[in-house]
Every structure is written in C-alpha cells, then in structure tokens.
Amino acid sequence: MNDAFERRALLLHLADVLEAVNWLINHGLDREAVGQLALTNETLSRLPLLQQVSAHMTSTQFVRAATSAFVEWPRELLEPTLDRKRLASAVRRHLFEDNTDGWRAYVAGLRAEVPWFGVGLPVARPRGDARASSIAANVAGPTSKEASAGSEPAQRDQPVEEERGSVEATPGIYPTWPWKS
C-alpha cells in the first residue's frame, strides 16, 4: 500500500476519535462508560475503539486518555519519515495499558487499512496476567516505556521500509506539504 494512503487512513481515524471526544465533552456524560454509550448512540457506534477500550472506562477517562494518545499524531503524520512505533505505542500506553484483548482488536481493525500498525510492539502485559507474559516474550521490540523514552529520536532517524511508496515520491498528491517545497 502507498504511504500516502496509509497516512490518510490514520488521519481519518484520528478525525473519528476527535469526533467522539467532542461528542462526549458536549454531552456531559462524564461518568458513563464509553462502551455502553457506544452501544446506545449512533454517532459513537461508528468508532469501534470505544468498545475496545476497558469496559469500565468513563467518558472523562476516555477523553483524557485519547487526548494523550493522539496529541502527536497530526505532527507525526506530517513528518517526512513516519515513526510508526511511536504512533502505535502512544495509543497502547494511554488507552490499552491493561487491556491486551482490546489492544489486539484495535490493531486488527486498523491493519485492514494500515498493515504495519502495531507491528514490532510487544503485547502489553496487564498486571497479574500470566498468559500475556508468555506472549510478550515471543514478540521482539522495545517495550512501550522504552519506545517512549530515549529511543524515539533514534527511531525517527531510521528509514522507513524502502518498498513502500512515499509521499515524497508521489508528485501531485500533496504538493503543498512543507517538505515538498
């Protein structure tokens, strides 16, 4: 798949998340579980993420976590070299830290449009979940804390897979992007 289309898919996903956050803030249902709200509201039911996060996550908790998880996405998606692990690890860290099954469902849904999303990240291990430790041991890559710590600048300088199309190599799709000038 072309890098530009993958970035577009992630931007559309971000727009859906922002729409849900806006709806939750404007309707003042601070203590309601977002999963329940998604089951009963047509606007929220379009975003599977709300049913994939913890069943006990309230609207207020979701708004805070989603804001933290996605705050860097716009800037990151406009970078010439996309830091794929950083995008995914921020979401996992803020929205799925103790919810391995939800994380797997979320990643599976996004991979329909963005095949590389979540690749290389170890499965998050919920506290006290012995089953997840055996899965995490079989997956290579830095932990979410390592990915968010000192390794981010180094990852940003690493090249993206060469066989993928690049926004820079596709003249005419987004000719006004800053690195095109």
Report summary line: Simple spin-label estimate for residue 31/residue 14, 7 Å along Cα→Cβ, in nm, reads 3.5
Requested in this report: At most 15 other Cβ atoms within 10 Å and a DSSP loop assignment: could you name the trypsin sites (Lys or Arg not before Pro) in region 6-36 that fit?
Outcome: 31
Report summary line: Between residue 118 and residues 5 or more places away or on another chain, the pairs with built amide H atoms under 5 Å apart involve 88
**Report entry** For region 91-107, Karplus couplings with θ = phi - 60° (6.51, -1.76, 1.60), whole Hz, Gly/Pro x
**Finding:** 5, 4, 5, 8, 10, 10, 3, 10, 9, 4, 5, x, 4, 4, 5, 4, 4
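Express in nm, to one decimal, how much length is gained between residue 64 and residue 22 on full extension, taking 0.36 nm for each residue of separation and deducting their alpha carbon distance.
On the way: separation 42, 0.36 × 42 = 15.12 nm, distance 1.18 nm.
Taking residue 64 through residue 22 to full extension adds about 13.9 nm, to one decimal.
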Requested in this report: Excluding residue 13 itself, calculate the net charge of residues whose Cβ lies under 15 Å from the Cβ of residue 13, where each Lys or Arg counts +1 and each Asp or Glu counts -1.
Outcome: 0
Query raised in the report: With a sphere of radius 13 Å drawn around the Cβ of residue 111, what net charge do the other residues whose Cβ falls strictly inside it have (Lys, Arg +1; Asp, Glu -1)?
Result: 0
Report summary line: Simple spin-label estimate for residue 55/residue 72, 7 Å along Cα→Cβ, in nm, reads 3.2
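Any read-out appearing in this document is the output of simple, stated calculations on the displayed coordinates, not a laboratory observation. Treat the numbers as computed from the prediction; the structure is a model and nothing was measured. All Cβ positions, glycine included, derive from the backbone under ideal geometry; neighbour counts span all protein chains shown.
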